[in-house]
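What follows is calculated from the coordinates using simple rules that are stated; it is not laboratory data. Source: prediction; values computed, not measured. Cβ coordinates were reconstructed from backbone atoms using ideal geometry, including for glycine residues, and neighbour counts include every protein chain displayed.
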Amino acid sequence: MEPPFPGMDPYLEHSSLWPDVHHRIISTACDYLQARIAPGYIAQITPYVALEQIEIAAPRRALVPDIGVYEREPAAIAAASVDAPTLTGVALAEIPTRYARIEIRSVVDETLVTAIELLSPVNKRPGPDGADAYEKKRQDLFMSGVHLLEIDLLRGGKRPNLARPDPLPSAPYFVFLSRVERWPAIDIWTCPLQQPLPTVPVPLRRPDPDAPLPLTRLVHQVYRNARYDLRIDYRQPPPPPDLSPEDAAWLDAHLRAKGLRP
């Protein structure tokens, strides 16, 4: 099935799906860039591990309980009247999750030229082990004279810090680019749900031209190759956080027009 959204699919943000989405986008983007920046540069994938809260369906993962109730003989258990539960929920498990970033290095001296971050939930989670740690890494990159491209395809969590006093415009997704020669200015792309994702520049060393990174093309290629249509039920609402009323109304009408909702 073709990707149903013109740009980013918010259903790909589901906690059980995003680690795979992240891995595939990084790998696809790295291969795409490598073909366009050779022979002067190499694009390499640098992995890291983060603890993420991921919703795991019960049949897929066995967890060891703190207290076990074991059956000895059916006759030994007396019938009892019990109340039915009011609700049924799904537990979140903290799972070590593999993520990665792209580093573009000069072939001549292997110096890091550009870092590309596809933000993960841990990068945006408030606290010293989440957004605070990511902000420290950003500052280290700023101070080391490295271009930084940040791709934020997650609606939830804390956006990368900006000095501007006014808030970012209302949009579900953003791309941020810090060029060495223009720092502390940061170029920002807003990415509405109703539109394709932008093709953004990946800066290299002067005088080499930027390499284009077509985000819609890459995300849609990943969607097709991974057959995410087999794992997503578009009759259900997208994962949290809630969409704005305008985006929610557009999404419902769009999916109905695509025949994905009754």
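For this structure, a couple of remarks:
- Ranked by how many other beta carbons lie within 10 Å on average, peptides 114-120, 124-130 from highest: 114-120, 124-130
- Distance between the stretch 196-216 and the stretch 134-148 - C-alpha centres, whole angstrom: 19
- Each of N161, V200, L255 was placed along the dipole of the stretch 140-262 (beta-carbon charges, centred on the mean Cα), and the one lying farthest toward the positive end is L255.
- Counted by Cβ distance under 13 Å from L255, the other residues give a net charge of -1, where Lys and Arg count +1 and Asp and Glu count -1.
- Cβ-Cβ FRET estimate between Q44 and R205, R0 fixed at 22 Å, reported to 0.05: 0.85
- If R0 is taken as 51 Å, the Cβ-Cβ distance between E135 and K258 corresponds to a FRET efficiency of 0.85.
- Surface/4 of the Cα convex hull for the stretch 151-262, nm²: 8.9
- Projected label distance in nm at A248 and T190, using a 7 Å step from Cα toward the beta-carbon: 2.1
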